[in-house]
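Report on the structure given below.
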Amino acid sequence: MVIFAYLRLVRIHVLVLIALIQYATRHFLIEPMLTINGYSLQMSDQAFAYLVLASVLIAAGGYTINDYFDTKVDRINKPKSVLLDRIIKRRMAMALHIALTGSGFLLACYLSYALGMWKMSALFIFAVFSLWFYSTTFKHQLVIGNLLIAILAASIPMIVGLFEIPLQNAANPEIVEELGYSIFNIPAFWTMGFAVLLGLMALAREVSKDVVDMKGDKVFGGKTIPIELGIRKTKSIIIGLYAGVIFYLLWIHQSILADHGMMVQAAFWMVFALILVQFYLIFKAKTKKQFAKSVILNGVTVVFVLFGLYAIQSSILYYFQ
């Protein structure tokens, strides 16, 4: 039981999703575009595994410190699922945060130095401090906490490209000099597009979660969107965010995906349909449980997006190799 409690504390299901997102970015977006042009990944599998592990450890540390500072709020919002002081001691949670965050950051610094990209360690410093200040300050403030989590969500795939693309440019300077630009910008743009989608989805999810946690946040002086603007306006904001996702998906389909095969089309329209369901859920939502269903569906949609990336990879290799 204690082991399962620790796994819940670090949000093991989210950590698995983070790893899947980074592996999907590497193997479903970047690698096939390199392969069809006769190039291969520069970052070794071992080095990439270190990158994923560092990302997961830092995220796990962030979830731990978040629960540490939110214990009182959680006793109101979800009293039956509170872990700290009931199953796990608070000092153990703090020690776990230090161990996870510290080991993740040190691993990231080692990787950055070993690859000759020591400046990349600054991104992990940003992640560590962002997660700390989100938990202590920004989470219960208007908008800023939501935006910070959206940026961190977008950085999950972006960090993969920020390591791999410069390594490609450094390994192939002749092609960059010959063309006058980097052909590796193409997988970089695809990675950025994926990051934007994840950021929008995360922002919509975080605003929905604020509604779920509204009762406890209000008791302890939180100034989240639903507390400051009310449920009705918050619902309009969430619907507006999902409308932005819809328009973004349609633009991607029209610009890039329209000519791809049946598997890509099926994955795209499945994701599209799941977003449309969000409109219905949010429009009808009146209770905490109904908003929680929207939060869960958001995560399910991201999983289907990953399947869509696999379909894109298969399509690229089939048509262009």
Sort the range 2-320 into rounded, prolate or oblate with this rule: let a ≥ b ≥ c be the square roots of the eigenvalues of the Cα gyration tensor; rounded if a/c is under 1.5, and if a/c is not under 1.5, prolate when a/b is larger than b/c, oblate otherwise. oblate
Determine the gain in length on full extension of the stretch PHE283-ARG232; use 0.36 nm per residue of separation and subtract their C-alpha separation, reporting nm with one decimal. 17.4 nm
With contacts defined as alpha carbon pairs under 8 Å and 6 or more residues apart, what's the relative contact order of the range 1-124 in percent? 31 percent
Suppose each label sits 7 Å from its Cα in the direction of the beta carbon; what would the TYR318-ALA273 distance come out to in nanometres? 1.9 nm
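Report the gain in length on full extension from ARG86 to PHE220: 0.36 nm times residue separation, minus Cα-Cα distance, nm rounded to one decimal.
Length gained, ARG86 through PHE220: 46.2 nm.
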Compute the distance from the alpha-carbon center of the range 47-92 to that of the range 262-285, in whole Å. 31 Å
What is the dipole size for the chain, taken about its Cα centre, with +1 at each Lys and Arg Cβ and -1 at each Asp and Glu Cβ, in debye to the nearest 20? 2160 debye
Once both axes come from the Cα atoms, what is the angle between helix 144-171 and the longest principal axis of the chain, in degrees from 0 to 90, rounded to 10? 20 degrees
What percent do you get for the relative contact order of the range 127-278 when only Cα pairs under 8 Å and 6+ apart count? 24 percent
Let me have the relative contact order for the chain, percent, based on Cα pairs under 8 Å that are six or more residues apart. 22 percent
Of the listed pairs LYS78/LYS233; LYS139/LYS233; LYS72/LYS293; LYS72/LYS119; LYS72/LYS289; LYS119/LYS209, which have alpha-carbon separations greater than 30 Å here? LYS72/LYS119; LYS119/LYS209
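Relative to the present Cα-Cα distance, how much length would full extension add between ALA114 and ILE36 at 0.36 nm per residue of separation?
Here the answer is 25.2 nm.
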Relative packing of 34-41, 48-55, 213-220, which averages over residues the other C-beta atoms within 10 Å, highest first: 48-55, 213-220, 34-41
Of the candidates ILE175, ILE159, ILE231, which one comes out as most mobile in a Gaussian network treatment of the chain with C-alpha springs shorter than 10 Å? ILE175
Go ahead and run the numbers for FRET between THR71 and SER44, Cβ-Cβ distance against an R0 of 41 Å, rounding to 0.05. 0.50
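Calculated from DSSP H runs of 4 or more alone, at -39500 (n - 2.57) each and per residue, what is the 222 nm mean residue ellipticity of the chain, nearest 500?
Here the helix-only value at 222 nm equals -26000 deg cm²/dmol.
Coordinate-derived values only; no laboratory data. If you're wondering where the values come from, they're calculated on a predicted model, not measured in any experiment. We place every Cβ from the backbone using ideal geometry, glycine too, and count neighbours over all the protein chains shown.
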